[in-house]
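Reading through the structure tokens given below for one structure.
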Amino acid sequence: MPGGDTTPPVTGGTINLNGGHFQRLKLTDPTLNLIPQAWSPDGSRIAFEGWDDSDPGRTGVYTARASDGGARVRVTSRPGLSHDMPLDYSPNGKWLVFYRSATVNPDAQIGGSLWVVGVDGSDAHQVAGPTNQPAPWARWSKDSRRILFANERTASSGALWTVAPDGTQLTKLFSDAQGRFPLAPTWSPDGSHIIFALDPTNDEFAHPDNGLYTITAQGADLRLVNRSQDFKRQLEWWR
């Protein structure tokens, strides 16, 4: 997403791998804001957090072609001011995991829940609720069997969790022996490891200095990757 004020409708764009050549995504609707959140596995489509300031009944998750914004599909319907935020596609491209915010301001990032839905809008179901305190970040495992997430900011304690796509098999994968709070976990390309940030406090909005760590997919062997004096989160891992 570009910084600063943007003339509605709002969307994001792409840059190349050296950080240049920003290209705004094409919008085909004059009032629908579409915030890009996830690529489909084949790169042909993008899942968006969508809303229309003139019509709250249009709030929900949408997908569209990455090339031209065409063939738009509404995946969820969330009339009102609370948003649905797509987070990741399943490896086969048939499902999305998304965050259903509990507040009018989705950036508050507290009290929400994780859901899974077919890319055609079918079979939407909750996989982690407010009692599990999920953060608005989740990643599908490479074998499609697990969805990985961390606890939301301001939770009394932090941990990494996995859950099956049908909402069963909720498992605490990792909690830090020093009481630090994991943020934004991501699988390695081969699915054997997980990388994430560890914060010293429970509120990432304070942007404290933190470190990057890895563990195995079984939650063991914590290893430091980077301890630079700055705030880090929301990583991706490429070959």
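From the set of residues in the stretch 225-239 that are under 19 Å from the mean Cα position of the chain (by Cα) and under 18 Å from I194 (Cβ atoms), which is surrounded by the fewest Cβ atoms within 10 Å (Cβ to Cβ)? Here the answer is W238. All conditions in (1) modelled with pLDDT of 95 or more; (2) out of contact with any strand residue (DSSP E or B) (no Cβ under 7 Å at 6 or more places or on another chain); (3) loosely packed, with under 14 Cβ neighbours inside 10 Å hold for S175, with the sole exception of (3).
Candidates are the residues of the stretch 130-155 that are hydrophobic (A, V, I, L, M, F, W, C) and buried (at least 21 other Cβ atoms within 10 Å of the Cβ); the one that is nearest to the chain's Cα centre (by Cα) is W137. Do we find that L222 is among the hydrophobic types (A, V, I, L, M, F, W, C) and either crowded, with 16+ Cβ neighbours inside 10 Å or modelled with pLDDT under 95 (or both) in this structure? So L222 does not fit the description; no.
V127 - would you say it is modelled with pLDDT of 95 or more, outside any loop (DSSP other than H, G, I, E, B), among the aliphatic types (A, V, I, L, M) and under 28 Å from K94 (Cβ atoms)? So V127 passes the test.
Which is more than 14 Å from the chain's Cα centre (by Cα) and either of a type in the set (D, E) or under 19 Å from P185 (Cα atoms) (or both), of D84, D123?
Numbers: D84 fails: more than 14 Å from the chain's Cα centre (by Cα).
Testing whether each residue is more than 14 Å from the chain's Cα centre (by Cα) and either of a type in the set (D, E) or under 19 Å from P185 (Cα atoms) (or both) leaves just D123.
Screening N16 with (1) closer than 27 Å to L114 by Cα; (2) out of contact with any helix residue (DSSP H, G or I) (no Cβ under 6 Å at 6 or more places or on another chain) gives one miss only, at (1). Scan the stretch 15-69 for residues that are at pLDDT 95 or above, within 21 Å of R100 (Cβ to Cβ), among the acidic types (D, E) and surrounded by fewer than 21 Cβ atoms within 10 Å (Cβ to Cβ) and the total you get is 2.
Condition first: polar (S, T, N, Q) and assigned to a loop (DSSP other than H, G, I, E, B). Now tell me which residues in the stretch 205-238 satisfy that. Within the stretch 205-238, N210, Q218, S228, Q229, Q234 meet the criteria. Annotation note: Cβ proximity below 8 Å between a residue of the stretch 216-239 that is among the polar types (S, T, N, Q) and a residue that is part of a strand (DSSP E or B) (sequence gap 6+ or interchain) occurs for T216/H193; T216/I194; Q218/L173; N226/G211; N226/L212; Q234/W137; Q234/L183; Q234/A184.
Count of the stretch 114-124 residues, restricted to those that are in a loop (DSSP other than H, G, I, E, B), over 17 Å from G57 (Cα atoms) and in contact (Cβ under 8 Å) with a residue 12 or more places away in the chain, is 3.
Can you name every one of the strands (runs of 3 or more DSSP E) wholly within the stretch 19-113 that holds 1 or more residues which are among the basic types (K, R)?
Filter on the stretch 19-113 gives 45-52, 60-65, 95-100.
Listed by first and then second residue, the pairs with beta-carbon distance under 9 Å, at least 6 apart or on different chains, first residue in the stretch 158-172 and farther than 17 Å from W137 by Cβ, second of a type in the set (D, E, K, R), are A164/R145; A164/R146; Q169/R145; Q169/R146; T171/R146.
Could you pull out the residue among G158, G179, G191, G167 that is part of a loop (DSSP other than H, G, I, E, B) and more than 18 Å from the chain's Cα centre (by Cα)?
Numbers: G158 fails: more than 18 Å from the chain's Cα centre (by Cα); G191 fails: more than 18 Å from the chain's Cα centre (by Cα); G167 fails: more than 18 Å from the chain's Cα centre (by Cα).
It is G179.
Only one entry in L34, L17 is free of Cβ contacts under 8 Å to residues at least 12 places away in the same chain and under 21 Å from the mean Cα position of the chain (by Cα), namely L17.
The values are calculated or read from the model by the stated rules, or taken from the named source; none is laboratory data. This structure is a prediction, so every number in the text was calculated from the model and none was measured. Note: ideal-geometry Cβ built from the backbone for every residue, glycine included; neighbour counts use all protein chains shown.
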